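One structure below.
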Amino acid sequence: MFALIGVFACMSLSGTIVNAHVYSFIAPTFGAARELSTFLGGLVFLLIALCALYRPRFLNARVLFVVALAAFVLSGALMACGATWGNGAIASLGMYVRPVASGIFALFAALALLELEDVRQVAAVVAFAQLVDYAASPFLVECLSPSTGPIGIAVCGLVGLCLGYRFGRGSCERVRRGEPALDLALADPSSFISPGHALFFCALLFGLGNGYALTLNEIDNAPQPTGLDGFVVVLIVLYLLLVRDKRQEDTLFSFSALLMMAGLMVAPLVFGFHAGSTAPNTLIHLGFETFSVLLWMVFWGIGRRSFFSFLPVVCIARMASSVGTDIGAVLGHTSNGFLPGDPFMAAAFALVVAFLFFAFLWVAFRSFSFTDTINGVIELPREAVVAHLEAPLHDEEEAEEEADPWRERCEAIAHKAGLTPRETEIFIMMARGRNGRFIMDHFTISRNTAKSHIKHVYSKLGVHSHQELIDLAERS
């Protein structure tokens, strides 16, 4: 557990140093460097999600580890050389290489969390990692410079990557050897989260708040120092650990939303009456960090129920957060642009941002539940995961002879439910544990056709998952 705290602390610290030193050096010559780097990070997460969905064999743990090592070293060298030589273009190039390394780092860190046995351990790991970040950041920011900061970034990244790889490589290889998540989702849609799920829009919304806070009232192109946020997050998490609320995810969401809204409400006052105050930045960051703890708890809960849906969910949520961060940064830069000429306009713009955040949160998430999202994910039956990978259980003649009673029982169920001949064949295959990919290959049909047949089978039989279908065949 302490090693995992180190993994997440290294991830947070490397980002802190980038914002404090590297970006502040690059910003005068290329102000959009951080936003472009964040956007590239979102693309890396999208690429990993697509691999998990379509081609998991590309997720070779050893190859990914080597690529990340090289990317951390290269990005650190480029940023250090750029700062030393006073060349912003070279330093910017280092920032564009870094998302490759940090994305793979996040992949191993996420998979390492699945080694934990309790959601409260997950919350403690993420929260105490934030505490380490907030405690160490002032010292690192003071001691490092634009030329030495990239070395600190590379060291944090390499140490965290090695620890994450140690704990996460086994799960990564399990993903690589498994079926594509999209194929598994054909027969078990309830075991997977749709890309249009509210969870991802929520990640985008809170990412927007984070980006807004990063740019609001910047000092020398670096984010405002935000004080002791980490200690407050740890106190909130400790409260949840002690109370053990059955809906602790929703409770944590309420905390994070209230803190984010408080920060957005205070922001207009900073433009009008308390210029230079860090109160809105601190409150927004606190809300975002609390929400980050919540997200990792949700990821872990989904992954423990449906392992092969874990990486797509993590990566799509991280991608959405990256997009939101860029949108929030643009809004923050816009507020800052109004400030020198018209503080009233800056305050009015901040009020508009706050209103839009409240309105979207109220309309889209009034009845949304993170706890129900986790509980709504149904565990994949083991037969469905391995059925396509294993050799046929019988020769055709033996199967026909041995499976007659089973087939007759399944055909009786199908006839009673009104299944068509093709749907009956698909039902029999699924009752034996065959998954969507096997059905597609056996009948030489497209994914959409297989999906449509399976949907009809579920609807007519009155079941909602592959496991319920298997249980129905075994009970009859």
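Structure data summary
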| read-out | value |
| --- | --- |
| P(r) histogram, all alpha-carbon pairs of region 1-124 included - 10 Å bins from 0, percent | 12, 39, 32, 15, 2 |
| Dipole moment magnitude, nearest 20 debye, the chain about Cα centre, only Lys, Arg, Asp, Glu C-beta charged | 700 |
| Gained length - A89 relative to A412, 0.36 nm times residue gap less alpha-carbon distance | 109.2 nm |
| Per the chain, cysteines lacking a partner by the 4.7 Å Cβ criterion | C51, C81, C143, C162, C172, C202, C315, C410 |
| H464, H285, H197, ranked by accessible area, largest first (probe 1.4 Å) | H464, H197, H285 |
| Residue-level accessible surface for S446, protein heavy atoms, 1.4 Å, Å² | 60 |
| Dipole in debye (nearest 20) - region 277-376, about Cα centre, beta carbon charges: Lys, Arg +1; Asp, Glu -1 | 360 |
| Average accessible area per residue (Å²) across region 268-381 - probe 1.4 Å, nucleic acids and ligands excluded | 40 |
| The chain - mean residue ellipticity at 222 nm from DSSP helices (-39,500 (n - 2.57) per run, n ≥ 4, rounded to 500) | -26000 deg cm²/dmol |
| Solvent exposure, largest accessible area first (probe 1.4 Å, DNA, RNA and ligands not counted), of V126, V363 | V363, V126 |
| Extension gain (nm, one decimal) between C143 and V67, 0.36 nm per residue minus Cα-Cα | 24.4 nm |
| Accessible surface, per residue, of region 19-61 when the full set of protein chains is kept, probe 1.4 Å, Å² | 43 |
| For the chain, convex hull of alpha carbons as volume per residue, Å³ | 147 |
| Span-like helix ranges in the chain, DSSP H, alpha carbon extent 18 angstrom or more, Kyte mean at least 0.0 | 2-17, 33-54, 61-85, 88-113, 119-143, 149-177, 198-215, 229-243, 248-272, 279-305, 310-338, 343-365 |
| Unit charges at the beta carbon, dipole of the chain: most positive-side option, G303, L158, P405 | L158 |
| Residue-level accessible surface for I153, protein heavy atoms, 1.4 Å, Å² | 0 |
| Listed residues L40, L47 arranged by accessible area, highest first, probe 1.4 Å | L47, L40 |
| Residues of region 8-44 with amide N under 11 Å of the 7 Å Cα→Cβ point at Y96 | 33, 36-37, 40 |
| Selection from L235, I428, F368, by position along the positive dipole direction of the chain (Cβ) | L235 |
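The values are calculated or read from the model by the stated rules, or taken from the named source; none is laboratory data. Treat the numbers as computed from the prediction; the structure is a model and nothing was measured. Because the Cβ atoms are built from the backbone with ideal geometry, glycine has one as well, and the counts that use them run over all protein chains shown. The area values use the complete protein model at the heavy-atom level, side chains included, leaving out ligands, DNA and RNA. Shrake-Rupley method; radii C 1.70, N 1.55, O 1.52, S 1.80 Å.
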